[in-house]
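Note sheet for the following structure.
The values are calculated or read from the model by the stated rules, or taken from the named source; none is laboratory data. All of these numbers come straight from a predicted model, not from anything done at the bench. Reconstructed Cβ throughout: ideal geometry from the backbone, glycine too, with neighbour counts over all protein chains shown.
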Amino acid sequence: MQYWQYVAEVPHDGDDTFLDGQYPGAAFNVGVADVALAPGERIAAVAGALCWRNTINGVGRVLLRVGVAEQANASLTPGSSYSTLFVFARTSPATGQPWTRAELNAALMGAEVIAGSGLRATQAGLHVLLHTPPVVPLQPKEWTMNFKAMEPLTATGLDQAVEVPRGATLIVRPLAANVEVRDVAGETAKLTIPADSMVMLGPSYGQTVYLRATAGTVIELGLT
């Protein structure tokens, strides 16, 4: 008996199941299961494999087919014992370009009888070489930072002065209430910092910053 579905068996079963080419021009082609690619993977090359032997006097060639395009080995006469022959293709026979997943899943592996008769294949398949990009762990970028915590400021409801050294950055984080920032006491606020958020003011030119919030509000401060 000849069973197409069994030519993918690993290991092959010899002459228990096989495909047979009994006359010149006879060909047998075997499709493969769909191949799924992981994110970032690409097909680097494909190697078609056929395990065949001669039962009479056949001369044939092993071929890899995509659509009507073929890539084949030179014609040869297999021996009487099963041996495996490969057809290696870095690019798709259909386009000459790198393989696509669709082309790979449409590929057929097989053989053709050129002369004589009696070529028998017990196994056929494709070896797919995939390129998987290396996983590079992301490294957090480290910034040099000299952080100096300051005593928290408890708001009085009025403008309160905070001296900021030249070149330093003032970090302001009000708790529970907004804080207004002024560069001149009693003037219109330049910035309002929402409660429980953190803002960096600077770098400083050596000026004084005035902060105002509802009395009792705790304002955390720091310098970098």
**Q.** Flag if Gly118 is surrounded by fewer than 17 Cβ atoms within 10 Å (Cβ to Cβ), at positive phi and not β-branched (Val, Ile, Thr)
**A.** no
#### Entry: Test: Thr217 is surrounded by 13 or more Cβ atoms within 10 Å (Cβ to Cβ), touching a residue at least 12 places away in the same chain (Cβ under 8 Å), out of contact with any Ser or Thr (no Cβ under 9 Å at 6 or more places or on another chain) and not assigned by TED's automatic domain parsing to the domain that holds Ala38
no
Answer yes or no as to whether Glu187 is of a type in the set (Asp, Glu), out of contact with any strand residue (DSSP E or B) (no Cβ under 6 Å at 6 or more places or on another chain), on the phi < 0 side of the Ramachandran plot and at pLDDT 90 or above.
yes
Of the conditions (1) touching a His at 6+ places or on another chain (Cβ under 6 Å); (2) free of Cβ contacts under 8 Å to residues at least 24 places away in the same chain, the single one that Ala47 does not satisfy is (2)
Condition check for Val136: at pLDDT 90 or above, of a type outside the set (Asp, Glu) and either out of contact with any Cys (no Cβ under 8 Å at 6 or more places or on another chain) or surrounded by 13 or more Cβ atoms within 10 Å (Cβ to Cβ) (or both) = no
Among Leu175, Leu170, the single one that is in contact (Cβ under 8 Å) with a residue 24 or more places away in the chain and under 14 Å from Ala149 (Cβ atoms) is Leu170
Taking region 20-71 and keeping only residues that are modelled with pLDDT under 85, more than 23 Å from Leu130 (Cβ to Cβ) and surrounded by 15 or more Cβ atoms within 10 Å (Cβ to Cβ), one is left with Ala26, Ala27, Phe28, Asn29
Item to complete: Report whether or not Thr84 is surrounded by 15 or more Cβ atoms within 10 Å (Cβ to Cβ) and either under 28 Å from Thr132 (Cβ atoms) or in contact with an Asp or Glu (Cβ under 9 Å, 6 or more places away or on another chain) (or both).
Response: no
Here the residues within region 182-203 that are touching a residue at least 24 places away in the same chain (Cβ under 8 Å) and more than 18 Å from Glu151 (Cβ to Cβ) are Arg182, Asp183, Val184, Ala185, Gly186, Ser197, Val199, Met200, Gly202, Pro203
Exactly one of Gly186, Gly167 is farther than 13 Å from Thr224 by Cβ and more than 44 Å from the chain's Cα centre (by Cα), and that residue is Gly186
